[in-house]
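Please treat every number below as a calculation from the coordinates, not as lab data. Owing to the predicted nature of the structure, the values given are computational and were not obtained by experimental measurement. All Cβ positions, glycine included, derive from the backbone under ideal geometry; neighbour counts span all protein chains shown.
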Amino acid sequence: MEKTYTSTSLRTSKYEEDVHPFRYALERYRKKKMSQNTWNRVSNLWLNQLNNMWVMSGGGLLQDYLEVSPEAFNYIKKVSNDMDNKREYYFEN
């Protein structure tokens, strides 16, 4: 079963509609797409904590939370820095 995510924001491509909002926000921050293996490693380590932060923030859609919230932006920056520091883990095949 394929997952799709929707938002109140206007999206510009089919790719944006098909990927998880956290993956899209992280790729947009890093200015490059990541492989499925890399995404699996990122989501296994970081997605649960992001979901907890999102729920505790009080609602709205996840994509909107990622685009507007300063704490979400700081979280994306933290994940990106971790990816840069631990390249061997995230980017090995």
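From the list ARG28, ARG23, the lone residue that is of a type in the set (D, E, K, R) and surrounded by fewer than 16 Cβ atoms within 10 Å (Cβ to Cβ) is ARG28. Of the conditions (1) surrounded by 14 or more Cβ atoms within 10 Å (Cβ to Cβ); (2) in contact with a Lys or Arg (Cβ under 8 Å, 6 or more places away or on another chain), ALA72 clears all except one; give me its number. In the conditions (1) surrounded by 14 or more Cβ atoms within 10 Å (Cβ to Cβ); (2) in contact with a Lys or Arg (Cβ under 8 Å, 6 or more places away or on another chain), ALA72 misses (2) alone.
Looking at the range 51-67, can you tell me whether even one residue there is more than 20 Å from GLU17 (Cβ to Cβ), among the polar types (S, T, N, Q), touching a helix residue (DSSP H, G or I) at 6+ places or on another chain (Cβ under 7 Å) and loosely packed, with under 12 Cβ neighbours inside 10 Å? Checked the range 51-67: no residue is more than 20 Å from GLU17 (Cβ to Cβ), among the polar types (S, T, N, Q), touching a helix residue (DSSP H, G or I) at 6+ places or on another chain (Cβ under 7 Å) and loosely packed, with under 12 Cβ neighbours inside 10 Å.
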